[in-house]
2 protein chains.
Amino acid sequence: MNQSPQTAHTWQSIRAEVLRRIRAREWPPGSMIPNEADLAIELGCARATVNRALRDLAEAGVLDRRRRAGTRVAATPVRRAVLQIPVIRDEVAALGQAYGYRLLSRKLATPPPSVAATLALPEGGAALHVRALHLSGAHPFVIEDRWITPAAAPGILDADLSQVSANEWLVRNAPFTGGTLSFGAVSADDGLAALLGCLPGTALLRLDRTTSDGTQIVTAAALTYHAGYRLQTTI
Amino acid sequence: MNQSPQTAHTWQSIRAEVLRRIRAREWPPGSMIPNEADLAIELGCARATVNRALRDLAEAGVLDRRRRAGTRVAATPVRRAVLQIPVIRDEVAALGQAYGYRLLSRKLATPPPSVAATLALPEGGAALHVRALHLSGAHPFVIEDRWITPAAAPGILDADLSQVSANEWLVRNAPFTGGTLSFGAVSADDGLAALLGCLPGTALLRLDRTTSDGTQIVTAAALTYHAGYRLQTTI
DNA sequence: ATGGTATATATGTCTATACATATTAATCTC
DNA sequence: GAGATTAATATGTATAGACATATATACCAT
C-alpha cells in the first residue's frame, strides 16, 4: 500500500519552494521574506530545515541574510560561480588525451622584483625557478612558469622535477591552505609562440596563481595556455 | 570570575582542527579519517557539529566523502575557487570611478548560427542584438555584445536600453536560475581596438556568459574587457 | 567461479530544544 | 534633542536522538 508520506520535506525541497517563489516574483528582488520560524510553520518542517535551505541560497548569492535584520532577496542574484581549478594532468585526461610533461629549465636564481615581492623574499634572496611544458597528446597544452620559496617547501631542491611536475610535487609534499588566482590575456612573444606552436602575437589566456601555507607564499606560478583554450564553469 | 568553558566547540573550531591535522600530515592526502561518530567522541562534541565541519571541507574540495565508504583527504586539495561574477556597475564603483554606459546598437536580427544554436531559436528566428560600451570614468572598461531571446524576456522589446544596460534590465525583470560561463583570450580587431582605445592585435580577456531561466536560454553575452584587465579571486 | 541477496556501516538528514550573538528599535538620562 | 542604555528579535549554532540512504562486504545458492 505504501501511503506516500504527505510531508517529504527535505531541505532541498524547501530550497526549491523558496526559489520558486522568488522566480514567480511572489518575493521580488530586494524584498524581505518571512522569518525562519514562520516559514517553518507555514511549510510544516523544523526551523533547522528552513535554516539549511536559506543558508544554502545565501551562499549561492540568491539571498542576503543578516541577524536581527532578517532575510531579503538579493537585488542582483547569482553573483557567484564555483570555478574548478584545473589540475593539468586531470584536465588533459578528461579530454581523452595522453598527458605529457617536459621540464624546460630549473635553476636557483634571484627573481625579478615583482616576484620577489610576491614571495616576500629577503633582499637578494634566491628562489627556485622552474619552467615546464605540459602536453595534451602531441600538442602543447600549457606553459608553467613557477617560482618556489625553498624555505617554504623543504625537499624541493632535491626533487627530480624532470619526472614529476613542480605542481604535483608541491601538492603532494607542501601543505597549503589558500592563495590567489587571477586571469588575464597576453600576447604571445616569440618564445611562447615557439613553445605553444602558434604565431607570435596570438592572444593567450594566462592564469596567475599564488599558493600560501598560511604564513608565507610557497609558490607563484603563471600558466599560459595554448591558443583557443577556454576555461569553463557553470553558475 | 567567568571560568572560560573548556569546550568552546563551534563547527569552525572543529574544521580548524581537522585542517590542522591535514596540514601537519597526521592525515596525509588520500588517507581515510575517522568516522563522524568517533571524531565527535574524541573532540567532545555532537556528531552534527562534526558533520557540519566535514561537509564544509568537502565543499571546499579538501575532503572526499561517500556514504558507507567514509571520508578521506583529497589527493589534490583546494580544487575549487569561488568566483565573484562582476556586475559591471558595482565593479567600476569599487574602483572608485564613475560608471558610464553607452548604447552602441540595438536591433532585432537573425543571429549567426552559433548563437542561434545556443539560444535554441527556431530556423530563421529573430533575436534582439544589443551592443554597448561600459565606461570607468572616461576610459572604456568593457564591451557588451548580447543576444536576447525575446520570448524568454517579455518586455525587453519595449525597454529603453539607452538608459539602463540590458544586463541590469534582465537582472531586474527576467527571472533566471543558472547558466554557463567561460573565459578566453581574443585579439583586438580594428573595431574593438577603436572602441577600447587600444592597438589592433592587443590581447584582451573575453568572458562568454549564457543565462537560463530553467527551461530556455534567456541571453548569451560576450564581454570583452579593456587591455590589461585581470579577473581576480581567492581560493 | 559467478551472480544474487542480506547485512553492516558511514554519511545524510530531520526534529525539538536551548542558548548565543548581532543588530535594530525603544527607552531613559542629561 | 543627543547620546547612552536596555529590550526585543532574527539569525547562528550546539545537542541528543532518530531514521533514511547509499554502498562495501560477507554470505549463499547455483
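The values are calculated or read from the model by the stated rules, or taken from the named source; none is laboratory data. Just so it is clear, the model here is predicted, and its values are computed rather than measured. Here Cβ is always computed from backbone atoms with ideal geometry, including for glycine, and neighbour counts include all displayed protein chains. What goes into the accessible areas is simple: the full protein's heavy atoms, side chains included, and nothing from ligands, DNA or RNA. Shrake-Rupley method; radii C 1.70, N 1.55, O 1.52, S 1.80 Å.
Which net charge results when you count Lys and Arg as +1 and Asp and Glu as -1 among the other residues whose beta-carbon is under 11 Å from that of A:Ala222? Net of charged neighbours comes to +1.
Tell me which residues come under 5 Å, amide H to amide H, from A:Val62 once H is placed; ignore anything under 5 positions away on its chain. Amide H neighbours of A:Val62: A:Val78.
What is the mean number of Cβ atoms from other protein chains located within 10 Å of the Cβ atom of each residue in peptide B:181-193, rounded to a whole number? If you can, show how the numbers build up before the last one.
Values: counts 7, 5, 11, 12, 17, 3, 7, 2, 0, 0, 0, 0, 0.
The per-residue average across the peptide is 5.
Taking the Cβ of B:Arg89 as the center, what net charge do the other residues with Cβ under 14 Å away carry, scoring Lys and Arg +1 and Asp and Glu -1?
Details: positive: A:Arg79, B:Arg102, B:Arg172; negative: B:Asp90, B:Glu91, B:Glu144, B:Glu168.
That works out to -1.
Size descriptors for the stretch A:177-235: radius of gyration and Dmax over Cα atoms are 13.9, 41 Å. Just so you know, the Cα atoms of the stretch A:88-225 work out to an Rg and Dmax of 14.9, 46 Å. Any idea how far the Cα center of the stretch A:28-87 sits from the one of the stretch A:202-235, in Å? First find each Cα centre; the distance between them is then 32 Å.
For every other residue with a beta carbon closer than 14 angstrom to the beta carbon of B:Tyr99, add +1 if it is Lys or Arg and -1 if Asp or Glu, then tell me the sum. So the surrounding residues net to -2.
Normalised per residue, the accessible area of the stretch B:88-225 is 44 Å², obtained with a 1.4 Å probe and no contribution from ligands, DNA or RNA.
By accessible area of protein heavy atoms, probe 1.4 Å, what ranking do B:Phe141, B:Phe176 get, highest first? List each step's numbers first, then the result.
Details: B:Phe141 5, B:Phe176 35 Å².
The ranking, largest first, comes out as B:Phe176, B:Phe141.
Here is how far apart the A:Arg25 label points are across copies: 6.1 nm, shortest first, using a point 7 Å from Cα toward Cβ.
Over the Cα atoms of the stretch A:11-73, what is the Rg over Rh ratio if Rh follows Kirkwood? Can you show the working numbers first?
Numbers: Rg = 10.4 Å, Rh = 11.4 Å.
Checking Rg against Rh, the ratio lands at 0.91.
Of A:Thr149, A:His226, A:Ala138, which is farthest towards the positive pole of chain A's charge dipole, taken about the Cα centre with +1 and -1 on the beta-carbons of Lys, Arg and Asp, Glu respectively? With unit charges placed on the Cβ atoms, the residue in question is A:His226.
As a calculated quantity, the FRET efficiency between A:Asn173 and A:Glu123 at R0 = 35 Å, using C-beta atoms, amounts to about 0.80. Take chain A, connect every pair of alpha-carbon atoms lying under 10 Å apart with a spring to form a Gaussian network, then pick out the residue of A:Ala152, A:Ala193, A:Ala117 with the largest mean-square fluctuation. Result: A:Ala117 has the largest fluctuation of those listed.
Pairing chains A and B buries close to 4100 square angstrom of accessible surface in total, based on protein heavy atoms and a 1.4 angstrom probe. Compactness of the protein assembly as shown is given as radius of gyration and Dmax, 25.1, 79 Å, from Cα positions. The other copies place their B:Ala109 label points at 4.8 nm from this one, listed shortest first, where each point is 7 Å from Cα along Cα→Cβ. Pairwise Cα distances in the stretch A:152-207 exceed 16 Å for 61 percent of all pairs. Label positions at A:Ala24 and A:Asp64, each projected 7 Å from the Cα along the C-beta direction, are separated by 2.5 nm. Its relative contact order, with pairs defined as Cα atoms under 8 Å and 6+ residues apart, puts the stretch A:84-213 at 19 percent. Between copies, A:Asp38 shows label-point distances of 4.8 nm, shortest first, with the point placed 7 angstrom from Cα along Cα to C-beta. Extent of chain A along its three principal axes (Cα atoms, max minus min coordinate, largest first): 67, 41, 40 Å.
Here the 3J(HN,Hα) profile of the stretch A:101-114, calculated from phi with Karplus coefficients 6.51, -1.76 and 1.60 at θ = phi - 60°, is 9, 9, 6, 8, 7, 8, 7, 7, 7, 8, x, x, x, 5 Hz, Gly and Pro shown as x.
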